[in-house]
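What follows is a set of notes on a single structure, which appears directly below.
Throughout, read-outs are computed from the coordinates displayed, never taken from laboratory work. If you're wondering where the values come from, they're calculated on a predicted model, not measured in any experiment. Methodologically, a virtual Cβ is constructed for each residue, glycine included, from the backbone with ideal geometry; neighbour enumeration extends over all protein chains shown.
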Amino acid sequence: MQIRIKGTKYEPTSEMTATVEEKVGALARFIDEGTAQAYASVELERAVGGMKKGDIWRAELQITHESGDFRAESTKAKLDHALTTVVRDVAQKLSRAHKKRISASRVRNGAIKSLLRGFGAK
């Protein structure tokens, strides 16, 4: 999976880049790499102003794959917390899509098996 990291009003440090690559790289288990390439885009932003005081961090993660686009966004007081929330949300969406794909495959395989049994019975 290719990962692109972008910082808005914030330059990601090497430690933060390693953390992002580790957390987002763990999502690859839900993606079938044999079929197509997946792309992950991570945006980290330091947002200040409005009704909230102090540093407010926003993290956004978008994964593009042939099975669909998966996106999540989070705003927290700490960047690590925002990143963890975003990865958790996308992992839930990827897991749900992965389970649906496996279930559909089993239904198809069952239909083919019952069709083949029908031909062998005669």
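Some notes on this structure:
- Relative packing of 84-90, 17-23, which averages over residues the other C-beta atoms within 10 Å, highest first: 84-90, 17-23
- Qualifying GluC sites (Glu not before Pro) for region 59-92 [loop in DSSP, other Cβ within 10 Å: at most 10]: GLU66
- Amide proton proximity set for ILE3, modelled H, under 5 Å, gap of 5+: ALA40
- Using alpha-carbon coordinates, inclination of helix 79-120 to the longest axis of the chain, degrees: 10 degrees
- (i) 20.0, 77; (ii) 14.6, 45; (iii) 15.4, 52, with the label sought being that of the calculated Rg and Dmax of the Cα atoms in Å: (i)
- Orientation-averaged projection of region 46-115 equals 5.7 nm² [convex hull of Cα atoms, one quarter of hull surface area].
- Only DSSP H runs of four or more residues enter the estimate; each adds -39500 (n - 2.57), and after division by the residues of the chain the mean residue ellipticity at 222 nm equals -16000 deg cm²/dmol.
- Cα-centre dipole for region 58-120 with unit charges at Cβ (Lys and Arg positive, Asp and Glu negative), debye to 20: 440 debye
- For the residue pairs LYS6/LYS76; LYS9/LYS99; LYS93/LYS113; LYS23/LYS76, the alpha carbons lie more than 27 Å apart in LYS9/LYS99; LYS93/LYS113.
- For the chain, the relative contact order works out to 21 percent when only alpha carbon pairs closer than 8 Å and six or more residues apart are counted.
- Most to least packed among 111-119, 75-83, 1-9, 40-48 [average Cβ atoms within 10 Å]: 40-48, 75-83, 1-9, 111-119
- Counting only alpha carbon atoms, the long axis of helix 14-25 and the longest principal axis of the chain meet at about 20°.
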